[in-house]
Structure formats: C-alpha cells, structure tokens
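Visitor: Quick one: structure below, then a few questions.
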Amino acid sequence: TRNGIEFAVADLEAAEFGRKEIRLAEHEMPGLMALRREYAEVYPLRGARVSGSLHMTVQTAVLIETLVALGAEVRWASCNIFSTQDHAAAAVVVGPHGTPEEPKGVPVFAWKGESLEEYWWCTERMLTWDGEGPNMILDDGGDATMLVHKGTEFEKAGVVPSPDEDTSDEFRVFLQLLSASVAADTGKWTKIGEGVRGVTEETTTGVLRLYQLAAAGELLFPAINVNDAVTKSKFDNRYGIRHSLIDGINRGTDVLIGGKVAVVCGYGDVGKGAAESLRGQGARVIVTEIDPICALQAAMDGYQVKRLENVLAEADIIITTTGNKDVVLVEHMARMKHQAILGNIGHFDNELDMAGLQRYPGIRRITIKPQVDEWVFPDGKSIIVLSEGRLLNLGNATGHPSFVMSNSFSNQVIAQIELFTKHEEYDKEVFRLPKKLDEKVAKIHLDALGGELTKLTKEQAEYIDVDVEGPFKTDHYRY
Ligand code: NAI
C-alpha cells in the first residue's frame, strides 16, 4: 500500500513508459474515448465497485481508466500468468495524475511471470475490497467468476474437496487457496456472490462456463456475454489474432514463416484469423477441425483440411485455437519435426498436453528465454514450445492491438453500465447486448477509419424491412 492504494506490480518506476504508451493507445481506441465523452457529466458507473480479471495490457489500462472516468471504483488482476505488461500495470496504479512516490490510480495485482500460487493470490486480492465487496465483475475466461461460485459452493458445503491425481496443477492451487478461505469460515465468497449485480465476460471460453452454470441453475448473478457481440468475436478473435499470432511467433522465435508448413487446429473465429495470419507470411497452411461446417469453410478458403496425426511429419509450426482440451497430445509432440514450433492461442493451456510432455521419460527442457522453451526428446530431436502452452500472443508478444480492442472493450463498458444500472431487469441468466449497440460500436470505429457508410432511403428500408437507423440485420444473421 502506498498513498492508500494497494498494489502488487513489478516496478512502479515503469509507469512513465506505460503512460506514454497509454496516451498513444487512447488515440487508437476511439470507441472507449467516445464513451468517455458521451458519459462525461453522467457518471453511470458511480457507485460501481468493479473487480476486473483481464490481461493487464496497455489496452486494458485504457479500459480501466474509462471505467474510472464513468464513475467506477476498480480493482484489477490479469487473467493469465504471462499476459501482463508491467509498464501498463505500473501506469494504472500511478494513474494519470500521480507519481510512483504518490500513486493516485487503481489497485492492480499483476505482473508478467506469476506462479500459479501468485496468480490465484492476485485474483483473490482483486476480489477483496475494504468494507463492502465488489458489486460488478468484469471477467475474461471466467476465473474470477469461478472463484466466487466455487467459493460459495464450498462454503455452503463446509468443505473443499481434496485434489486427486487427475486434478490439474492449476486447479490444485485453486483448491488450496479456497481451502484456506473456507476454513477461515467467514462466508467471504457467499457474501461476494450476493453483492455482485452481474458479470460481463470477454471470451469464448468464459462464456461457455457461464452457459454451463446457467444451465445447471447455479449462476449467482446475471451475466452479459460480451464475446458474442459481433463487434467483439468477429473482430478481436479474428483480426486481432491475425495481427498478434505472428507477432508472438516472431518475437518468440524469429523463424521465417514463409514457405513453412503451418497447422492451425480449429477454424472458428480465432482459427480463421490464425490461418490468415500465417498465410499472409507465405506459410502453407493446413487446418484441422471437428465441425464439418468450419472444415468446409477452411477448404473453401483454400486451406487443406487434415487430421493432426497425418501432418505431424511435415508441420513446421502447430498452433491450437480450439478452446478445447487435449488437442495436441505428447504422442503427437514426440512425432513432430526437429525444432518445430508448438503454441496455443486459445484461452487455456490444456489444449496442449503440457503435463504429458513434462512427464515424458528422458525429456529435457532448455529455456531459451522467458516463454520460449526447447524440449529435447531422448532421441535428440527437440520441439520449441511457446509460453508453456499458454496463449502465445499475450505470452510472447503484447496481445491484440488497440484499435481492435477498442471494439471489444466498448462492448465491455456498455455491458457494465447495462448490468450495473438495470440489474433488477435481468434474471440469473446469460444475455447478449442488443444489435443496435453492436452497430453503434462498429459505426464509431468505421468513422475513425474514414469509412463512408451508405444511407438507406426510406423506400429501401421498407423494401428490406428494416428501420432507416437500424438495426440492419435480424438476430439470426451470421455475418
Ligand atoms: P470458436 O468456437 O469460434 O472456434 C473453436 C473451433 O475449434 C470450433 O470451430 C470447433 O469446432 C473447433 N474445435 C473444437 N475441438 C477441436 C479439436 N479437437 N480439433 C480441431 N478443432 C476443434 O471459438 P473462438 O472464438 O475461435 O475461440 C477459441 C479460443 O480462443 C477460446 O478459448 C477463446 O477464449 C480464445 N480466444 C483467445 C484470444 C487470444 O487473444 N489469445 C482472443 C479470442 C479468443
């Protein structure tokens, strides 16, 4: 704590650099800046206590400061152990008007390269307020939401189940943390769950968890699925990845991508961006899919569609984008080419069998630099694994660029305002934002790019059965 602000970041002295990059990012985030102007005198988030768990990057700093500009109090942690940009974290703590000696910003608990214990400690600190708890959660991947839900569940039961041999390291650490707090018997998580008006969730994987909770009737508060705003998943997941996938591979390895064979597992929104990213560098791209529709899309886009086991001998780069588990198993890794690159860009590292790799008899790990490891098999052949299997665009590079995140985060801010101000109107289910707001977010960003939007005539609008001012599509339209 300094100047009354609690924080745990790598180095507050990095704040000046962070502030400079935040200033440049603000210009590239017209959606967030427009929301600041629109609500300048209104403070719709006054009284909101937002606990946020989302990659603590420069772009997220602009999101946090937008929430503050709209009246919210905020506490923040990163949703991945490798994704924090330390200068951004420092700048948020210091704030636009503070100094490292006298910070005036927001409590942040995040640094690049946390251990799992530290990660869950940061998440808990982010949810632990003085006095009353948080009344809003902003989540990416659902870890903060899971902590509150599991905490409540275990408090009700009075025990935390002990891990068995199938429990992942991540979940083991999570259970340890909860054991301690449930044993303290303060009802901490139950109280937080009761105080939260709603959660807004950023990504595909977190949204899946929310729908599972809602289906089981276990959701403790209403949720807005931000991911499935069109201006989120059809832009961030796709065009963001198109930018940040090769950024991560380049910064991690500097291997020429042109001419190489790259395999992209999954051809959803992220997979489409990933394949385009690699093709743009001249790679020969092969796609694996389980869904015939997405597989056919890949084929129509000009990619070969194959099974992973049939392309291991030729792949120079393998990237998973599925949001599923066990996609590349250690037996696949053992059959990859010498010095082939393996990385994941989906939300969790369980897409790659990292546990199996660590246990492989005779395996050796050589750390080339942080977030780049060479794993040497007993026969002398090695593979290069990026970010220990965690999302490599944020582990090896700096994630998506500002402009695309401005789309995503505009939806986040709108969703926070909606749930904070109108929570009584929402049941404990998962909702999406109205299309009109999606179109508004798109319009702001189109304008910033100098795009000219054609205006419908009244007659044309009647002919296609829409309003002149939109929404311009039905809800089932797929873009
Ligand atoms: P999506 O659902 O659109 O795409 C996933 C695709 O993977 C689907 O088409 C599915 O059929 C396919 N798939 C599932 N299991 C498979 C398997 N075993 N083999 C091959 N294909 C398989 O989801 P989206 O939006 O593309 O997100 C994917 C992941 O990326 C999620 O975990 C999401 O949270 C994450 N994400 C990461 C970002 C980043 O910056 N790193 C940005 C946005 C999303």
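Visitor: Every residue in the range 220-237 that is buried (at least 20 other Cβ atoms within 10 Å of the Cβ) and in contact with an Asp or Glu (Cβ under 7 Å, 6 or more places away or on another chain), please.
Guide: Across the range 220-237, the qualifying residues are Pro222, Ala223, Ile224, Asn225, Val226, Asn227, Ala229, Val230, Thr231, Ser233, Asn237.
Visitor: Given the criterion in contact (Cβ under 8 Å) with a residue 24 or more places away in the chain, buried (at least 22 other Cβ atoms within 10 Å of the Cβ) and more than 16 Å from the ligand (Cβ to nearest atom), identify the matching residue among Phe431, Phe377, Phe409, Phe420. Before the answer, list the steps.
Guide: Details: Phe431 fails: buried (at least 22 other Cβ atoms within 10 Å of the Cβ); Phe377 fails: buried (at least 22 other Cβ atoms within 10 Å of the Cβ); Phe409 fails: more than 16 Å from the ligand (Cβ to nearest atom).
Answer to the check: Phe420.
Visitor: Under the condition of being open to solvent by 100 Å² or more (accessible area, probe 1.4 Å) and in a loop (DSSP other than H, G, I, E, B), which residue from the range 456-474 is nearest to Val441 (Cα to Cα)?
Guide: First, the residues of the range 456-474 that are open to solvent by 100 Å² or more (accessible area, probe 1.4 Å): 458-459, 462-463, 465, 469.
Among the residues that remain, those that are also in a loop (DSSP other than H, G, I, E, B) are: 465, 469.
Numbers: Asp465: 22, Glu469: 14 Å.
This residue is Glu469.
Visitor: Of the residues Lys272, Lys325, Lys306, Lys260, only one is under 19 Å from Gly399 (Cα atoms) and at pLDDT 95 or above; which?
Guide: Values: Lys325 fails: under 19 Å from Gly399 (Cα atoms); Lys306 fails: under 19 Å from Gly399 (Cα atoms); Lys260 fails: under 19 Å from Gly399 (Cα atoms).
Just one listed residue meets the conditions, Lys272.
Visitor: If you don't mind, another one. Considering (1) closer than 20 Å to Asp140 by Cα; (2) in contact with an Asp or Glu (Cβ under 6 Å, 6 or more places away or on another chain), say which one Lys260 fails and leave the rest.
Guide: Result: Lys260 fails condition (1) only.
Visitor: Mind counting the residues in the range 115-145 that are farther than 23 Å from Val226 by Cα and open to solvent by less than 10 Å² (accessible area, probe 1.4 Å)?
Guide: The qualifying residues number 3.
Visitor: Also, quick follow-up: Name the one entry in Ala110, Ala72, Ala91 that is farther than 21 Å from Glu28 by Cβ, touching a Lys or Arg at 6+ places or on another chain (Cβ under 9 Å) and small (Gly, Ala, Ser).
Guide: Just a single option satisfies the conditions, and that option is Ala72.
Visitor: A follow-up question, please. Which of the helices (runs of 4 or more DSSP H) found entirely inside the range 1-103 contain at least 1 residues meeting this: in contact with a Leu (Cβ under 6 Å, 6 or more places away or on another chain)? Show your work before the answer.
Guide: Details: elements: 15-27, 30-38, 58-69, 86-94.
Because the criterion is at least 1 residues that are in contact with a Leu (Cβ under 6 Å, 6 or more places away or on another chain), the helices (runs of 4 or more DSSP H) in the range 1-103 that meet it are 58-69, 86-94.
Visitor: Can I ask one more? Inspect the range 189-209 for any residue being among the basic types (Lys, Arg), open to solvent by 50 Å² or more (accessible area, probe 1.4 Å), under 29 Å from Glu73 (Cβ atoms) and within 16 Å of the ligand (Cβ to nearest atom) and give the result as yes or no.
Guide: In the first step, residues of the range 189-209 are kept if they are among the basic types (Lys, Arg); the result is 191, 197, 209.
Cutting the leftovers down to open to solvent by 50 Å² or more (accessible area, probe 1.4 Å) gives us 191, 197, 209.
Imposing the further condition that a residue be under 29 Å from Glu73 (Cβ atoms) reduces the set to 191, 197, 209.
The next check asks that each one be within 16 Å of the ligand (Cβ to nearest atom); those that pass are 209.
Looking through the range 189-209, at least one residue is among the basic types (Lys, Arg), open to solvent by 50 Å² or more (accessible area, probe 1.4 Å), under 29 Å from Glu73 (Cβ atoms) and within 16 Å of the ligand (Cβ to nearest atom).
Visitor: How many of the residues making up the range 250-269 are among the basic types (Lys, Arg) and surrounded by 22 or more Cβ atoms within 10 Å (Cβ to Cβ)?
Guide: In the first step, residues of the range 250-269 are kept if they are among the basic types (Lys, Arg); the result is 251, 260.
Next, only the ones that are surrounded by 22 or more Cβ atoms within 10 Å (Cβ to Cβ) stay: none.
So the answer is 0.
Visitor: Of all helices (runs of 4 or more DSSP H) completely enclosed by the range 145-221, which ones contain at least 3 residues that are polar (S, T, N, Q)?
Guide: Values: elements: 169-183, 188-195, 204-215.
Filter on the range 145-221 gives 169-183, 204-215.
Visitor: So in the range 1-54, with the set limited to residues that are in contact with a Cys (Cβ under 8 Å, 6 or more places away or on another chain) and among the hydrophobic types (A, V, I, L, M, F, W, C), which one is nearest to Met405 (Cα to Cα)?
Guide: Going through the range 1-54, the residues in contact with a Cys (Cβ under 8 Å, 6 or more places away or on another chain) turn out to be 8, 53-54.
Still in the list and also among the hydrophobic types (A, V, I, L, M, F, W, C): 8, 54.
Working: Ala8: 25, Leu54: 12 Å.
Here the answer is Leu54.
Visitor: With the structure loaded, tell me whether Leu308 is within 12 Å of the ligand (Cβ to nearest atom), touching a residue at least 40 places away in the same chain (Cβ under 8 Å) and closer than 24 Å to Ala355 by Cα or whether it fails that test.
Guide: Working: within 12 Å of the ligand (Cβ to nearest atom): yes; touching a residue at least 40 places away in the same chain (Cβ under 8 Å): yes; closer than 24 Å to Ala355 by Cα: yes.
So Leu308 fits the description; yes.
Visitor: Sticking with this one: What residue, among those in the range 60-107 that are open to solvent by 20 Å² or more (accessible area, probe 1.4 Å) and either modelled with pLDDT under 95 or closer than 23 Å to Gly389 by Cα (or both), is nearest to the chain's Cα centre (by Cα)?
Guide: The extreme case among them is Gln85.
Visitor: Quick one: how many residues across the range 320-342 are away from the ligand (no atom under 15 Å from the Cβ), under 23 Å from the mean Cα position of the chain (by Cα) and farther than 17 Å from Ala262 by Cβ?
Guide: The total comes to 0.
Visitor: Next question, about the same structure. Given (1) more than 12 Å from the ligand (Cβ to nearest atom); (2) more than 21 Å from Phe348 (Cα to Cα), where does Ile317 come up short, assuming only one miss?
Guide: All conditions pass for Ile317, except number (2).
The values are calculated or read from the model by the stated rules, or taken from the named source; none is laboratory data. Quick caveat: nothing in here was measured; it's all calculated off a predicted structure. Every residue, glycine among them, receives a Cβ derived from its backbone with ideal geometry; neighbour counts consider all protein chains shown. Each accessible area value is taken on the protein alone, full model and side chains, heavy atoms only, with ligands, DNA and RNA left out. Shrake-Rupley method; radii C 1.70, N 1.55, O 1.52, S 1.80 Å.
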